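A short worksheet on the structure shown next.
FYI, it's all coordinate maths here, none of it is from the lab. Here the structure is a predicted model, which is why all the values come from computation and not from measurement. Positions of Cβ are generated from backbone atoms using ideal geometry, with glycine treated the same way; all protein chains shown enter the neighbour counts.
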Ligand SMILES: [Zn+2]
């Protein structure tokens, strides 16, 4: 840990110590308060003798994020007691179900499109964001958002939730999607540390089949037409890196049975030994299977990916969305 963080933890511990001392000085000295005081003193002692932040079992550094939340922790995640591990697992199961409940309804036919998506976390929770937002019956528009937040695990999933809340509240304002992404980027930039950002695609469709695509540094989506497949170029930087970013738009028309494919890098960067699944393989798959429904297309793609991985486990969150014009 850096000196500044350690100083912050030390002053927090000293503050806790003074609070416990106040409580202990009452006439009934409660046993657990006395023990807590010992714990705080022991942490202060470890800061002074330079062993603070090391697991007392394996002597490896304890995860920094955990220490900031609870400066009294003495063991790394690998050396929690069985009970502590169980509690952590229970929390993750709850976090996972909350995240699943935030997904849009799957397999919908909506405003001239048939949509299917697949969303799966590499760990307990995902840092990918997948959404379909319908601004209501007054409008013939639909919005599709697929993004990937920097980092992994709980921190990434919290940022993903933040992103979702932003898009859900920004879309009804009726901005263009370039303005929408620029606004989201500024909000994310102002509300998180500079190391947090997200790559993201936002698509706005109307029921005639016109789609506007704004891509903030995300994996290139595919237009899957009747006669060919092509990648749609990126139009800007990931969001949250610079507070003032500008975004361009790509507009195209989807005819009946043509499809748009969005995905996160968990697909194209899935790896077997030194070999990536890659965009070329995806392009070939997309062309050969362009006549399938979105659901059949994604299900077949997942089988193809599984065969490619041949038993190797995926290390990244995976999201795929197929949008077909009816
Ligand atoms: Zn340990």
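Neighbour counts of C-beta atoms inside 10 Å place 324, 273, 38, 111 in the sequence 273, 38, 111, 324, starting with the fewest. Once you reduce the range 1-53 and the range 74-133 to the center of their Cα atoms, the two points are 36 Å from each other. In terms of the Cα gyration tensor, with a ≥ b ≥ c the square roots of its eigenvalues, is the chain rounded because a/c is under 1.5, prolate because a/b exceeds b/c, or oblate? Verdict is prolate for the chain.
With an 8 Å Cα cut-off and a minimum separation of 6 or more residues, compute the relative contact order for the range 238-326 in percent.
Computed over the range 238-326, the figure is 46 percent.
Here the peptides 94-104, 203-213, 279-289 are ranked by packing, the mean other Cβ count within 10 Å, and the order with the highest first is 203-213, 279-289, 94-104. Model label points for residue 191 and residue 287, set 7 angstrom from Cα along the Cα-to-Cβ axis, are 4.3 nm apart. Principal-axis analysis of the Cα atoms of the chain puts helix 153-170 at an angle of about 50° to the longest axis. Computed from Cα atoms, the angle from the helix 294-309 axis to the main principal axis of the chain rounds to 60 degrees. Restricted to Cα atoms, the range 3-83 shows a radius of gyration and a Dmax of 13.6, 41 angstrom. By the count of neighbouring beta-carbon atoms within 10 Å, fewest first, 218, 59 end up ordered 59, 218. Working from label points 7 Å from Cα in the Cα-to-Cβ sense, the residue 57 to residue 120 distance is 3.1 nm.
With respect to the chain, whose longest principal axis is taken over its alpha-carbon atoms, helix 31-48 is tilted by about 80°.
Quick one: length gained pulling residue 10 to residue 106 fully straight, 0.36 nm per residue minus the C-alpha distance?
Full extension from residue 10 to residue 106 adds 29.7 nm.
By the beta-carbon count within 10 Å of each Cβ, the least crowded to most crowded order of 118, 277, fewest first, is 118, 277.
Going by the alpha-carbon gyration tensor, a ≥ b ≥ c the square roots of its eigenvalues, is the range 169-293 rounded (a/c under 1.5) or, if a/c is not under 1.5, prolate (a/b greater than b/c) versus oblate?
oblate
When you count the other C-beta atoms within 10 angstrom of each residue and take the mean per peptide, 263-271, 12-20 line up highest first as 263-271, 12-20. Calculated mean residue ellipticity at 222 nm for the chain: -13000 deg cm²/dmol, from DSSP H runs with n ≥ 4 weighted as -39500 (n - 2.57), summed, divided by the residue count and rounded to 500.
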